[in-house]
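Have a look at the structure below before the remarks.
The values are calculated or read from the model by the stated rules, or taken from the named source; none is laboratory data. For clarity, every value in this text was computed on a predicted model and none was experimentally measured. No Cβ is skipped: glycine too gets one built from the backbone with ideal geometry, and neighbour counts run over all protein chains shown.
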Amino acid sequence: MSIFKKLFGNKQESKVESSMNTDGFRKLSKSNFDNFVDLLELHGGLSFEKQQNFSEITGEHSWNINLNEGLITFGEYNFPFEVIGSLSFNDFSWMWGWANEKSGIPANLLESSLKLKSIGEQNNIEEFVNGHFSVEEGFEHKMGLIVSGMLNADAYFCANYGQGTMVVTIKSKDIPRIDNNWLEKVVTNFPQLISSIEINHKNAFLNYLIDKDFQIKNEENTIEGLKNDKVLVAEFDELGRLKNLNGKI
């Protein structure tokens, strides 16, 4: 069973802007994005960690959704949500919430979906402006990871209703915050991410460290991250695939 099911029911190396720091480490900033793949690399790492925090409190609880109240319930927790879109199991197609005119989704739950459409129009992101299109298996989780990061959500959830799954974003103070000083989390989290989803390992790891506020040495086949006098070292092969990840912590 994949980590996604447990939790929720190749480009070249990214360009970055940087400012020099001591000992060869640099503070890096994320590059701009050109397409859907870029967005997955930019947001996958931290969003996946958010999902693990979300899973800690939702556990094996069943879910219930109320569109009129804009709440999704897991056990004792009631979370406000917004609808992003849905994936049909019948033909493996994605439909944005803003394009699903027959669903009767309240307008206030579609604000984020429409915001993403606007971003897609401004940046020529085909997957954000095409209201209904065919996708591959697992697309809903790629979309969830992306929009969770772009919208600064605390989690996303794939609400399986039998014939498909509806992707929603959740913001709530009840979901544990990301601890950027917990460096060991990167060592355990990142291998789970790359084993669960197709993504450029090196680009995704670099952006994950940027999100976690590391100082970074980025070399051809190695990325080192420095924080609180501790160092993470990731080694990659010539195709950018992770070979080894360990910490001097």
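Points worth noting:
- Qualifying residue in region 219-227 (condition: among the hydrophobic types (A, V, I, L, M, F, W, C) and in a loop (DSSP other than H, G, I, E, B)): no
- Test result for residue 156, among the hydroxyl-bearing types (Ser, Thr, Tyr), surrounded by 17 or more Cβ atoms within 10 Å (Cβ to Cβ), at pLDDT 95 or above and not assigned by TED's automatic domain parsing to the domain that holds residue 47: no
For every residue, the table says whether it meets (1) in contact with a strand residue (DSSP E or B) (Cβ under 7 Å, 6 or more places away or on another chain); (2) not assigned by TED's automatic domain parsing to the domain that holds residue 134.
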| residue | (1), (2) |
| --- | --- |
| 165 | yes, no |
| 191 | yes, yes |
| 209 | yes, yes |
| 212 | no, yes |
| 221 | yes, yes |
| 226 | yes, yes |
| 229 | no, yes |
| 232 | yes, yes |
| 240 | no, yes |
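- Residue 183 meets the conditions (1) crowded, with 18+ Cβ neighbours inside 10 Å; (2) of a type outside the set (Val, Ile, Thr); (3) modelled with pLDDT of 95 or more in every case but one. The failed one is (3).
- Residue 15 meets each of the listed conditions (1) modelled with pLDDT under 95; (2) outside any loop (DSSP other than H, G, I, E, B); (3) under 21 Å from residue 149 (Cβ atoms) apart from (2).
- Residue, modelled with the highest pLDDT, within region 18-37, restricted to residues that are in a strand (DSSP E or B) and of a type in the set (Gly, Ala, Ser): 29
- Taken together, the residues in region 150-193 that are assigned to a helix (DSSP H, G or I), among the charged types (D, E, K, R) and under 25 Å from residue 32 (Cα atoms) amount to 0.
- Residue 202 falls short on exactly one of the conditions (1) crowded, with 17+ Cβ neighbours inside 10 Å; (2) under 28 Å from residue 98 (Cβ atoms); (3) not aliphatic (A, V, I, L, M), and that condition is (2).
- If you go through region 174-218 and keep only what is among the polar types (S, T, N, Q), under 16 Å from the mean Cα position of the chain (by Cα) and farther than 11 Å from residue 49 by Cα, you end up with 195, 196, 200, 203, 207.
- Subset of region 210-242 (residues that are under 14 Å from residue 185 (Cα atoms), surrounded by fewer than 19 Cβ atoms within 10 Å (Cβ to Cβ) and among the basic types (Lys, Arg)): 230
- Residues in region 78-117 that are more than 17 Å from residue 163 (Cα to Cα) and in contact with an Asp or Glu (Cβ under 6 Å, 6 or more places away or on another chain): 109, 112.
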